[in-house]
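One structure below.
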Amino acid sequence: MVSEPLTDGHGRRIADLRVSVTDRCNFRCQYCMPAEGLPWLERDEVLRFEEITRLVALFARLGVHDVRLTGGEPLVRRDFPRLVGMLAALDGIEDLAITTNGFLLERDAGALVAACETRERRARGIRFNVSIDSLQRDRFYALTRRDALDQVLRGLARLAEYPQAHPIKVNAVALRGVTEDEVPAFVELARHSAYEVRFIEFMPLDADRAWSSDQVLTGAELHAMIDALHPLEPTEREPGATARVYRFADGHGRIGFINPVSEPFCGDCNRIRLTADGRLRTCLFSLRETDLRGPLRDGADDDQLAQLIRDAVWRKELKHRIGEPGFVQPARTMSAIGG
Ligand code: SF4
């Protein structure tokens, strides 16, 4: 029962699981949540470390070998490095990654890297995506409602001290009227540091439901701006990859574009998501979810859980429908899904 790899009804092999370990966050990004935050999950609604580990081990036996830990902000979850260590020790997880806003990296970078110092994982290390939408202190403050850019950059520099943490990616949500004049600074960061910068198009997953397509600064527009500064050359896109990565023709670094709105990559999507309260989402824009926490806490065995997962994945959405008539923004916001 558990051995067959996970495949959806469109023939796509599912190999990548995003696990939201908390819906809480220490930032209040304008395009994500209101200043006062959101009604957080109660403690007992959130999956416990042992439950997350059991589910991830089960997904691994179903052929899901890439795991990304997200939030909210995963580093605000108490004792998070212990969870990383529990997952790092699992068989069948080839790629373990964390998406963070970097605010607690200065404190936790060492513990997170050390948590992966298991024999199996030492060679593969752990990958980090750090979300930084502005390199200007005042604008960073305006966007995140936190005066935290300096601390985030110190955290990034601390992380960069660990060879096991590389390659480190810096993700910036591209916002029209905001990001354009930050392009040169992000290009310099990409060209003169070990970080790979990627711009992500703004998606309709905001709590204010204020998203509109004219706020989307597309990857193509950013590519044109950057290519005019420093010519870019395309690199091979890996199957299932979200980013289109380019190298600078003069050899100084790489830069990427994640264009879910203008250039969707749903065709070979291999991703599913587990929310902090134990619900399986088969697409970032799913309008339905499958509860795994309930059956798990009611004593379901792994075969029963695997069947629930299989049935849900078989019904995985072909693609998102942003910009199409009848598109419905999911009730759950990005902070409660985890990117
Ligand atoms: S929108 Fe859904 S189907 Fe498309 S790439 Fe994202 S998760 Fe996959």
Quiz item: Tell me, what HN-Hα J-couplings in whole Hz come from the Karplus equation 6.51 cos²θ - 1.76 cosθ + 1.60 at θ = phi - 60° for each residue of the stretch 267-281, using x for Gly and Pro?
Solution: x, 10, 5, 10, 10, 9, 9, 10, 7, 4, 9, x, 10, 8, 10
Practice problem: Would you pull out the residues with amide H under 5 Å of Asp291's amide H, same chain only if 5 or more places away, H placed 1.01 Å from N? | Solution: Leu280
Quiz item: Can you list the HN-Hα couplings for the stretch 246-259, worked out from phi with the Karplus curve (6.51, -1.76, 1.60; θ = phi - 60°), rounded to whole Hz and with x for Gly and Pro?
Solution: 10, 9, 6, 4, 8, x, 8, x, 9, 8, x, 9, 10, 10
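List the GluC sites (Glu not before Pro) in the stretch 90-199 that DSSP assigns to loop (not H, G, I, E or B) and whose Cβ has at most 14 other Cβ atoms within 10 Å. Which are they?
Details: sites: Glu94, Glu106, Glu117, Glu120, Glu161, Glu180, Glu182, Glu188, Glu196; in loops: Glu94, Glu117, Glu161.
Here the sparse-neighbourhood loop sites are Glu94, Glu117, Glu161.
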Quiz item: With θ set to phi - 60° and the Karplus curve 6.51 cos²θ - 1.76 cosθ + 1.60, what are the ³J(HN,Hα) couplings of the stretch 237-243 in order, to the nearest whole Hz, using x for Gly and Pro?
Solution: 8, 6, x, x, 5, 8, 9
Quiz item: Residues of the stretch 16-337: accessible area per residue at 1.4 Å, in Å²?
Solution: 42 Å²
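Hey, with R₀ at 45 Å, roughly what FRET efficiency would Arg43 and Gln136 work out to, going by the Cβ-Cβ distance, to 0.05?
Values: r = 37 Å, r/R0 = 0.83.
Calculated value: 0.75.
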Quiz item: Taking a 1.4 Å probe, which of Met33, Met225 shows the most accessible area, and what order do the others take after it?
Solution: Met225, Met33
Quiz item: Using modelled backbone amide H atoms (1.01 Å from N, in-plane), which distant-in-sequence or interchain residues come within less than 5 Å of Arg198's amide H?
Solution: Val170, Asn171, Ala172, Gly256
Quiz item: What are the residues whose amide H is under 5 Å from the amide H of Val21, where those residues sit 5 or more places off or on another chain and H is modelled from the backbone?
Solution: Thr70, Gly71
Quiz item: Given the rule -39500 (n - 2.57) for each run of at least 4 DSSP H residues, summed and divided by the residues of the chain, what is its mean residue ellipticity at 222 nm, to the nearest 500 deg cm²/dmol?
Solution: -8000 deg cm²/dmol
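The values are calculated or read from the model by the stated rules, or taken from the named source; none is laboratory data. Model, not experiment: these values are computed from the prediction. Every residue, glycine among them, receives a Cβ derived from its backbone with ideal geometry; neighbour counts consider all protein chains shown. Protein only, heavy atoms only, side chains kept; ligands, DNA and RNA dropped before computing areas. Shrake-Rupley method; radii C 1.70, N 1.55, O 1.52, S 1.80 Å.
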